[in-house]
Structure formats: structure tokens, C-alpha cells
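Taking it in order: structure first as C-alpha cells, then the write-up.
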Amino acid sequence: MDKLSAMQTFVRVVESGSFTAVAAELSSTQSAISKQVAALEKALGAKLLVRTTRSLALSEEGARYFEQARRLVAEIAEAESDLRLGEAQLSGWMRIAASVGFGRLKLMPLVEAFMAAHPDVKIDLRLQDGFVDLVEQGIDVSVRIGDLPDSGLIARRVGTSHRMLMAHKDYLKTLPAGLSLPMQPEDLSQHNCLVYTETANRNQWTFRAGAEAADEAGMARTVRVEGRLQTNSSEVIRAAVVNGMGIGYAPTWLFEQELASGELIRLMPGWESPASPIHMVSPPERKHSAKVRAFIEHVAIAFMP
């Protein structure tokens, strides 16, 4: 038995909570993964996992061993990465997570360039809107937009995301008689607003008065909006705005081409939206990974003003 390999497998089983998930990651079978962990338990003379038909749980001995094994596995990976970095040679798998829209439009070109520069690196790019548990899913580095909670993750700010209130020209052409363009935040109550549900504020939209607003500059107003469509997908929000289904309050990077062409119109230009920081975040045990450090630097350079 390769004890290090078995230890790495055990750590991933605990982190993911599933033999099946780890088998898929390693292109193996559930039976092979289970046998590897069983062999480790036999070698250690201790029961590490308590298996039921529905879940996995650590035994008391397993909990102690897991913390030590996870640190050791991370330290070995870091040492190998540092050595490869010193040799100017990065290799192996790296799991990267981001939201669907940002990943497709902004991150994918950077991933392609990074892989071209480092041909021995393999990327597992996981895109989904909503919260991603980096440890549970074995993510090496993730893009997060917005203020970060005090989660213990290692974070580096690489940019800023700006939101804008916007609508397609077709939506504005079909406004009912007597309904005009919104000029003040309160006017949005009369419009069909497209609500993205994967933000903390959801249908509570906040604006700050700019130089052209009637309010004192910098004054904030938060309004509750309603609409016929809400979704947890940034791609659906994008499609709905472009198809003229309503007013969107979304990041400008999601609509760069449409805004540049004049297809989309910025609404309430006298009112500004709070900017959101863009961070690259990693679990603490990945902070010394050469691949992770190199990729974060690659993204940071690309996002420099």
C-alpha cells in the first residue's frame, strides 16, 4: 500500500463526504477508493470512518488523524510546488471556481492563456452561481465578488466590479403610456425589474446620489423592487436584459459588448451603485502552492487598471 496516496485519498473523502465524489475526481471506482481507505485503517490499526448507508462520519481516532494528515498532505504538495516553481515548471491539476457569467466572460480567457504558458498544468474549472465551499469541494482557488466574511480563507484583492442600472432599447420602446424612464430610485417600483437571487440584498437595490442627482451627493437610497422574473443564474439575467424583458441591475462586465454598441441604455445616470471588490481566495493550506500563487498573480496582472 502507498501510504501517502492512501492518506491523500482519506483526506479528500473526509473533505467531500463521499467515496463516489473522490472516485470521480481520481477517475477511479467507489470500490477502489473504499479499499484504499480500509487498507489505511488496517495499517494504522484504528477505525477512521464510521460508515452508514447515508453518510460518513469520523471516529474519535479518525478526527485526530484527519487534522494531522491534512496538514501533512498540504505541506508535501506545497514543497513539491515550491520545487517546481524554482525549476520554472508548474504541473498537475488545479481546481478553480467562479460564478458562471464571470467565469465564461472574464476568467476563461485568462485560464486559456495560463495553460498556454504552463503546458503541464491541468485545470478543473468549476462554474456555478451561489456559495461554494472550497474545502468540501477541494477547490484550490476561487473568484469571489463582494465583501468577504471573516472566513479564514487567504484572500487577495485583484479588482473591482461595478454595477449599473440598465435596460435594452426594446424594453424602453414598449413602456405603457404614461410610464416614463426611471429618474429616481423610487420610480423603479413602477417597472418590471429582473431580480438576481444569489446576492444578499436580492430585491433591495441601493444607489448613491451622484453630482447630477437631486439628493445631496453621496446620499444612499435603498428601494425594494419587484418583477415577473427572478433567478439564481447570472446567465439568465444577462439573457433577460438583452431580450428586453425588464430592467437589470448587474455588473457592467456582464454586458460589455452591448453597452459599447449602445444596445443597452444606462438608466438613472445621476445615481451610482456601490462598487464590489473582486478577490481571489484559497484555503489556508493552499497558500504556498506554486500553481495557485502563479495563477493569482496572472489574474491580478490582467485586472490591473
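Observations, loosely collected:
- Surface/4 of the Cα convex hull for the chain, nm²: 19.5 nm²
- Neighbours of residue 242, meaning other residues whose beta-carbon lies under 10 angstrom from its beta-carbon, give a summed charge of -2 when Lys and Arg score +1 and Asp and Glu score -1.
- Calculated diffusion of the range 3-85, Stokes-Einstein form, Kirkwood radius summed over Cα pairs, 4 °C and 1.567 mPa s, µm²/s: 98 µm²/s
- At most 12 other Cβ within 10 Å, DSSP loop - trypsin sites (Lys or Arg not before Pro), the range 186-267: 228
- Each residue of the range 215-305 gets 178 Å³ once the volume of the Cα convex hull is shared out per residue.
- Folded to 0 to 90 degrees: helix 3-16 orientation relative to the chain principal axis, Cα: 30 degrees
- Relative counts (whole %) of C-alpha pair distances in the range 1-41, using bins that are 5 Å wide: 6, 30, 39, 23, 3
- Residue exposure sequence - 187, 140 - by fewest surrounding Cβ within 10 Å: 187, 140
- Charge tally for residue 304 (other residues, Cβ to Cβ under 15 Å; Lys, Arg +1; Asp, Glu -1): +2.
- For the chain, the tally of Lys pairs with Cα-Cα distances below 28 Å comes to 14, considering only residues 8 or more apart or on different chains.
- Calculated SAXS-style log₁₀ I(q)/I(0) at q = 0.11, 0.23 Å⁻¹ - the range 109-223, Debye, Cα scatterers: -0.63, -1.45
- In terms of surrounding Cβ atoms within a 10 Å radius of their Cβ, 207, 66 rank from fewest to most as 66, 207.
- Cα pair count fraction exceeding 23 Å, expressed as % - the range 163-274: 23 percent
Here, each number is a calculation from the coordinates, and none is a lab measurement. Please read these numbers as outputs of a predicted model, since none were measured by experiment. Note that each Cβ is placed from the backbone with ideal geometry, even for glycine, and that neighbours are counted across all protein chains shown.
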